[in-house]
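Report on the following structure.
The values are calculated or read from the model by the stated rules, or taken from the named source; none is laboratory data. All values derive from a computational prediction rather than experimental measurement. When we count neighbours, we look across all protein chains shown, and the Cβ atoms used for this are built from the backbone with ideal geometry, even at glycine.
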Amino acid sequence: MIRNRLENKKILITGASSGIGERLAWHIANNDGIPIMLARSMDKLKQQQQLLKQKSRTESFIYQVDLQNGGELDAVINNILLDHKRIHGLINNAGVGKFDFVKDITWQDVDQMYQLNVFAVIQITKRMLGHFSHYQEGHIVNIASQAAKIATPKSAVYASTKHAILGFTNALRQELTDEKISVTGVNLGPVRTNFFVQADPEGTYQKSVERYMLDPDRVAKTIVRHLFTTKREINLPYWMELGGKIYQLFPSFVERALKSQFNKK
């Protein structure tokens with residue numbers, strides 16, 4: 001069933017050189033889709049492309065880009081649209097975080113999070129919308145975070161970027177109700193990737209949530225299973241999504257009850 005939906009479908013993946021993005025490429029390839037991988041590290045992309053060719057014999061494409069550079073991103077999207085007659089899907093996976101109190105965080109970190117987590121997502125989505133609309137087919141997947149639903153101390157800026165993406169995703173879905181373009185939001189708890197190298201360099205938060213961390217392969221497999229469907233949201237882990245719903249109803253109670261857990265960063 002998944003193979004039927006993905007066969008020969010070309011899907012853009014940002015942040016494809018490691019973590020969830022890397023596993024997305026593998027699962028797309030294993031289901032006869034064609035991953036188009038974007039990242040800053042050309043060496044990692046080439047290595048991934050070679051491994052995909054050896055193990056799955058699937059065609060794939062790679063493009064080097066710094067998503068924080070709007071001009072560079074525009075140029076790469078232009079090249080992709082020239083190189084490929086048809087693109088079928090877009091997964092906005094790339095993201096960065098830095099856990100720190102608002103009074104202590106540097107403006108460089110704030111700027112980086114907004115450039116990569118928000119502006120690049122909106123820019124690439126806007127560029128691809130005309131293409132999807134022309135062919136009356138497309139699927140946009142935006143990877144947000146459970147932090148978009150429950151913000152905690154030291155994640156004020158990071159959570160605000162994910163709030164922005166969740167709002168953007170929900171509004172975009174409504175704008176496209178008359179077109180054959182699906183829009184899916186993905187809200188994740190902590191995932192075992194190199195995201196925490198920058199977000200939590202001392203490893204304090206990682207240690208406190210180690211037993212709850214999601215496996216990036218499982219996350220990618222779940223996302224790929226819902227490609228080219230009308231799935232509205234993917235929320236992992238499920239118990240954290242339940243906690244988010246309770247938080248919406250009783251925010252003060254949850255903040256008091258989970259104060260020690262929320263302050264483990």
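Here are a few things to note about the model shown:
- Among the candidates K126, K98, the residue that is under 22 Å from the mean Cα position of the chain (by Cα) and assigned to a loop (DSSP other than H, G, I, E, B) is uniquely K98.
- Condition met for R23 (within 19 Å of the chain's Cα centre (by Cα), farther than 23 Å from Y114 by Cα and among the basic types (K, R)): yes
Residue by residue, here is whether (1) touching a residue at least 40 places away in the same chain (Cβ under 8 Å); (2) within 20 Å of L129 (Cβ to Cβ); (3) surrounded by 24 or more Cβ atoms within 10 Å (Cβ to Cβ) holds:
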{"position": "K10", "(1), (2), (3)": "yes, yes, no"}
{"position": "I28", "(1), (2), (3)": "yes, no, yes"}
{"position": "N31", "(1), (2), (3)": "yes, no, no"}
{"position": "Q47", "(1), (2), (3)": "no, no, no"}
{"position": "E59", "(1), (2), (3)": "no, no, no"}
{"position": "N78", "(1), (2), (3)": "no, yes, no"}
{"position": "H84", "(1), (2), (3)": "yes, yes, no"}
{"position": "H88", "(1), (2), (3)": "yes, yes, no"}
{"position": "N93", "(1), (2), (3)": "yes, yes, yes"}
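- Search result, residues across region 219-244 that are part of a helix (DSSP H, G or I) and modelled with pLDDT under 95: Y238, W239, M240, E241, L242, G243, G244
- For first residues located in region 123-137 and in contact (Cβ under 8 Å) with a residue 24 or more places away in the chain and under 24 Å from E72 (Cα atoms), partners that are among the aliphatic types (A, V, I, L, M) and assigned to a helix (DSSP H, G or I) and lie 6+ apart or on another chain with Cβ distances below 8 Å form the pairs Q123/L73; I124/L73; I124/I77; T125/L172; R127/I77; M128/I77; H131/L81.
- Positions within region 101-123 being of a type in the set (D, E, K, R) and either in a helix (DSSP H, G or I) or under 20 Å from L188 (Cα atoms) (or both), in sequence order: D109, D111
- Test: residue in region 46-58 that is polar (S, T, N, Q), more than 17 Å from the chain's Cα centre (by Cα) and on the phi > 0 side of the Ramachandran plot: no
- Only one of the listed residues (K207, K180) is modelled with pLDDT under 85 and more than 21 Å from the chain's Cα centre (by Cα). That residue is K207.
- Some residue of region 124-141 being closer than 23 Å to A220 by Cα and of a type in the set (K, R): no
Let's see how each residue does on (1) touching a Lys or Arg at 6+ places or on another chain (Cβ under 9 Å); (2) over 26 Å from Q123 (Cα atoms):
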position: N4; (1), (2): no, yes
position: I11; (1), (2): no, no
position: E22; (1), (2): yes, no
position: L45; (1), (2): no, no
position: K55; (1), (2): no, yes
position: D66; (1), (2): yes, no
position: N69; (1), (2): no, no
